[in-house]
Every structure is written in C-alpha cells, then in structure tokens.
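Visitor: Have a look at the structure that comes next, please.
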Amino acid sequence: MIFSFVKYQGTGNDFVIIDNRDNQFPIENHSAVAKICHRNFGIGADGFILIETDDSSDFYMRYYNADGHEGSLCGNGSRCAVHFVKSLGLATEKVVFRASDGLYKAQFIAEDVALELHALSYWEQREDAFFLDTGSPHHVVFVPDINAVDVTVKGAEIAHGEPYFSDGTNVNFVQLVDANNFHVRTYERGVEAETLSCGTGVTAAALAAHISEKTTAKKIQIKTRGGNLIVSFSPIANGYESIVLQGPATPVFTGNWELN
C-alpha cells in the first residue's frame, strides 16, 4: 500500500502529514509509524499526523509521537496540520479542528498560523520549577545560561523521574533575555530527545514566566533553536484564557511511502 505524504516543519519541529479521510492508514500499526519517523530508516520526523474527517469541525487531527504511539496535543504539529488542510481546500483563514482532548481554533495571520489553546486554571510549583499542562504536560525550569544545559541528559533525567515516572513529561529549560523575550530548549517525551522547537512547551514557558512574575508581558517572543514563536494570553481571576501560539508552518517536500 502506497501513501502520499507532505513533510512539514514549524520552527524546526518536523512532521509527516497524511490525508487519511478515506481511513486507509492502519492506525494501530505503531511500528510502521515509528519507522516512518525514523531519521535513518524512514522519512524522519518528530511526529506523525493523520488528517481525518470530523462531524463537528473542519477535521480531526490524529497525532503520533516519533515512537509510534498516539500522543497528546502538539502545538507546532497542529499549526502545520492547519496549513496542510488549507492547502487541500478544506478550510479558509479560520479553522476549527478536533484533537484528542477537544476542539481547537486556529487562524492565519499573514504567513503565520495562530493556534488558540485551551484555558489554563491549574499548575504546580515544584521547588525551582513549574508543572503545567498546555495540551501536553510540561516541566519548566528557569536557568541562567541555556547553552550550558545538557538538555538530552538532564531532560531525560527529569522526564521520567519523580513524580512523572512512566507517564513522563516534556521538559523545558528557559532563559530570560528581557521582560518580553525568552530562549527555550525542550526535551520531548515520545521523541526522547531534544527537538528544535516545541509549541506547547514554549507556551508553558511563557505562562510559567508570568506566573512566577519574571514578566508582566502578555505577549512574549520566544526563541527556540529552530526559530521564533509568539505566545500571547489574557490573565483572568483563576488562570489564563485566550492563549495563542503563533508562528510559521512550512511544507518541506512531498513524496510517497510504501507501507509494508
């Protein structure tokens, strides 16, 4: 069976996307997904996305981590999926889609895709770090020099250590540049490595910066190793709403994959 795909990247966070509205892809074939994402034996990607039909929105986004198993929300992957769906003629400038945890809205702002995330009303402070769920779980720690951190080693240590263990968490190391600018590096569970960018991760970092009063800004520029993103939000009495992740979504190449 041969599938057509498009390879996308959003600030270096890369994805293989397939139009699966005919439901032909074997969604339980985790080893096939892992092989597709493998950078030596497959196409190579941080994640794999299937676009499927949904009765109450423009599409359903089925997201897999690079290990082949379905994951929680991916911010950059969602933005790339929205761009792909528009290229298919299935959506216009404003999009509503369903992910594993509910409905999301997105829109195009010039060349960027802006994704509105769910409101946040719960977080935890754990010693010098914060834990937030911005569609995916994130551990956020502020550091003086982001380039001095061994993200692979330290991230792996935190991601599956106490209290996260088998469920794991993503881990974000954040450096303050000034009140409106932060650098973020992320260790992603499911990839089990540092990625060039993580959309829900930079969102968690921006919110943690505001919670910890490292900034009073409500629109924050985030620099990742793969490019720049913008996170904006509105503080409310019990948390945050109107949380928006904005940045580029770029098709890299198209091709065909034979599923054995």
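Visitor: Can you pull out the residues in the range 107-164 that are of a type in the set (Asp, Glu) and in contact with a helix residue (DSSP H, G or I) (Cβ under 9 Å, 6 or more places away or on another chain)?
Guide: Matches in the range 107-164: 112, 133.
Visitor: Has the range 84-107 got any residue that is over 20 Å from the mean Cα position of the chain (by Cα) and of a type in the set (Lys, Arg)?
Guide: no
Visitor: Residues 234, 242: which one is at pLDDT 95 or above, in contact with a Ser or Thr (Cβ under 6 Å, 6 or more places away or on another chain), among the polar types (S, T, N, Q) and at positive phi?
Guide: Residue meeting the stated conditions: 242.
Visitor: Which of the following residues is within 18 Å of residue 203 (Cα to Cα) and among the hydrophobic types (A, V, I, L, M, F, W, C): 148, 114?
Guide: Testing whether each residue is within 18 Å of residue 203 (Cα to Cα) and among the hydrophobic types (A, V, I, L, M, F, W, C) leaves just 114.
Visitor: Okay, moving on. Exactly one of (1) surrounded by 18 or more Cβ atoms within 10 Å (Cβ to Cβ); (2) more than 17 Å from residue 174 (Cβ to Cβ) is unmet by residue 245. Its number?
Guide: (2)
Visitor: Does the range 61-104 hold any residues that are without any contact (Cβ under 8 Å) to a residue 60 or more places away in the chain and assigned to a loop (DSSP other than H, G, I, E, B), and which are they? Walk me through how you get there before you give the answer.
Guide: Looking only at the range 61-104, we keep the residues that are without any contact (Cβ under 8 Å) to a residue 60 or more places away in the chain, and these are 61-64, 68, 70, 85-86, 89-104.
Passing the criteria: 68, 89, 90, 91, 92, 93, 100, 101.
Visitor: In addition: Whether any residue in the range 189-196 is outside any helix (DSSP H, G or I), over 20 Å from residue 131 (Cβ atoms) and in contact (Cβ under 8 Å) with a residue 12 or more places away in the chain is what I want to check.
Guide: Looking for residues that are outside any helix (DSSP H, G or I), over 20 Å from residue 131 (Cβ atoms) and in contact (Cβ under 8 Å) with a residue 12 or more places away in the chain, one finds at least one in the range 189-196, hence yes.
Visitor: Also, I was wondering about something else. Take residue 9 and tell me if it is polar (S, T, N, Q) and part of a loop (DSSP other than H, G, I, E, B).
Guide: No.
Visitor: Next question, about the same structure. Name the single residue that is surrounded by the fewest Cβ atoms within 10 Å (Cβ to Cβ) among those in the range 215-235 being of a type in the set (D, E, K, R) and over 21 Å from residue 137 (Cα atoms). Even if it seems obvious, please write down each step before you answer.
Guide: Restricting attention to the range 215-235, the residues satisfying the condition of being of a type in the set (D, E, K, R) are 218-219, 223, 225.
Among the residues that remain, those that are also over 21 Å from residue 137 (Cα atoms) are: 218-219.
Values: 218: 15, 219: 12.
Only one residue tops the list, namely 219.
The values are calculated or read from the model by the stated rules, or taken from the named source; none is laboratory data. Everything quoted here is computed from the prediction, not taken from an experiment. Using ideal geometry, Cβ is built from the backbone for each residue, glycine included, and neighbour counts are taken over all protein chains shown.
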